[in-house]
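Here the structure is laid out as structure tokens; the discussion comes afterwards.
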């Protein structure tokens with residue numbers, strides 16, 4: 001393979017990987033807030049899928065990408081509030097809530113899609129425009145991949161920096177970490193644990209809904225039932241393996257997204273591999289990472305545990 005082919009391969013692989021990483025990155029960043037506050041949100045898959053369906057339906061109806069993204073985000077927020085009400089106010093088991101949200105979302109989105117569209121599979125007539133960063137997009141190999149992307153890709157990168165600052169350098173971030181490590185001590189110090197956890201799960205829902213809407217509206221331009229293919233659970237693993245550090249979460253999402261896009265790059269250079277094998281690679285990578293790194297990951301002490309003020 002020539003040097004020019006290698007350049008094309010790397011550029012295409014990285015560009016596609018960055019786009020594929022966005023839903024995972026947004027969902028994992030939101031899960032980072034939730035888990036740091038002590039909430040294990042196994043409903044992330046359902047929030048992603050619901051955001052994808054709501055975003056696609058509204059975008060197709062209004063012919064507006066912005067409206068679609070807003071609808072997906074709002075759907076994620078509502079599901080986050082539902083999770084918070086059940087887990088924080090009613091203190092229902094978080095695992096049951098999360099799995100329930102995911103199962104209901106899978107069934108409801110599949111039913112609604114078939115009810116609205118029957119045997120048809122409509123697609124959006126528009127797609128997100130790419131914005132090239134002057135000078136930087138002209139750099140060889142990395143320039144076209146990194147600096148000629150959709151605005152939401154750039155926004156996701158900014159959110160990584162914003163989340164890192166919010167968690168590590170603000171009072172709210174300190175309260176989130178305290179609510180997940182020792183809610184009793186946080187309560188004694190004047191932190192409203194319930195409010196903090198509500199805000200954390202609302203952030204998680206918003207990010208998951210936006211990630212799902214990006215998948216159907218900003219990336220693929222269509223919706224099919226079950227299209228998230230377990231990305232919500234992968235995002236949970238990425239958040240844990242990244243030790244709830246936004247920059248590490250970004251690297252994990254980028255790695256997974258790049259592996260998912262490997263088939264595109266291999267086609268460009270003429271390598272013929274069965275697509276089933278290529279699509280299996282990112283999931284194998286997550287399993288290997290879990291085996292290697294799981295023992296080094298220390299979960300927040302109060303993760304998954306309900307808290308009632310006045311109880312020890």
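The values are calculated or read from the model by the stated rules, or taken from the named source; none is laboratory data. What you see is a predicted model, and the numbers here were worked out from it, not measured in a lab. As a convention, Cβ positions derive from the backbone with ideal geometry for all residues, glycine included, and neighbour counts pool all protein chains shown.
Among the residues of region 285-307, those identified as at pLDDT 80 or above and either touching a helix residue (DSSP H, G or I) at 6+ places or on another chain (Cβ under 7 Å) or closer than 20 Å to residue 98 by Cβ (or both) are 299, 300, 301, 302, 303, 304, 305, 306, 307. When the residues of region 240-280 are filtered to those that are modelled with pLDDT under 75 and either part of a loop (DSSP other than H, G, I, E, B) or under 19 Å from the mean Cα position of the chain (by Cα) (or both), the one that is nearest to residue 10 (Cα to Cα) is 269.
Residues of region 176-191 that are surrounded by fewer than 23 Cβ atoms within 10 Å (Cβ to Cβ) and without any contact (Cβ under 8 Å) to a residue 12 or more places away in the chain: 185, 188, 189, 190. There is no residue in region 40-47 that is touching a helix residue (DSSP H, G or I) at 6+ places or on another chain (Cβ under 9 Å), part of a loop (DSSP other than H, G, I, E, B) and at pLDDT below 95. Does residue 236 satisfy the condition of being at pLDDT below 80 and either closer than 18 Å to residue 211 by Cβ or not in a helix (DSSP H, G or I) (or both)? So residue 236 does not fit the description; no.
Residues in region 182-233 that are in contact with a strand residue (DSSP E or B) (Cβ under 9 Å, 6 or more places away or on another chain) and either farther than 22 Å from residue 59 by Cα or not in a loop (DSSP other than H, G, I, E, B) (or both): 216, 220, 222.
Yes or no, residue by residue, for (1) free of Cβ contacts under 8 Å to residues at least 40 places away in the same chain; (2) assigned to a helix (DSSP H, G or I); (3) over 19 Å from residue 209 (Cα atoms):
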position	(1), (2), (3)
7	no, yes, yes
10	no, yes, yes
13	no, yes, yes
18	no, yes, no
30	no, yes, no
33	no, yes, no
38	no, no, yes
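Inspect all residues belonging to region 87-109 and state whether any of them is in contact with a strand residue (DSSP E or B) (Cβ under 8 Å, 6 or more places away or on another chain), over 30 Å from residue 7 (Cα atoms) and in contact (Cβ under 8 Å) with a residue 12 or more places away in the chain. For region 87-109, residues in contact with a strand residue (DSSP E or B) (Cβ under 8 Å, 6 or more places away or on another chain), over 30 Å from residue 7 (Cα atoms) and in contact (Cβ under 8 Å) with a residue 12 or more places away in the chain: absent.
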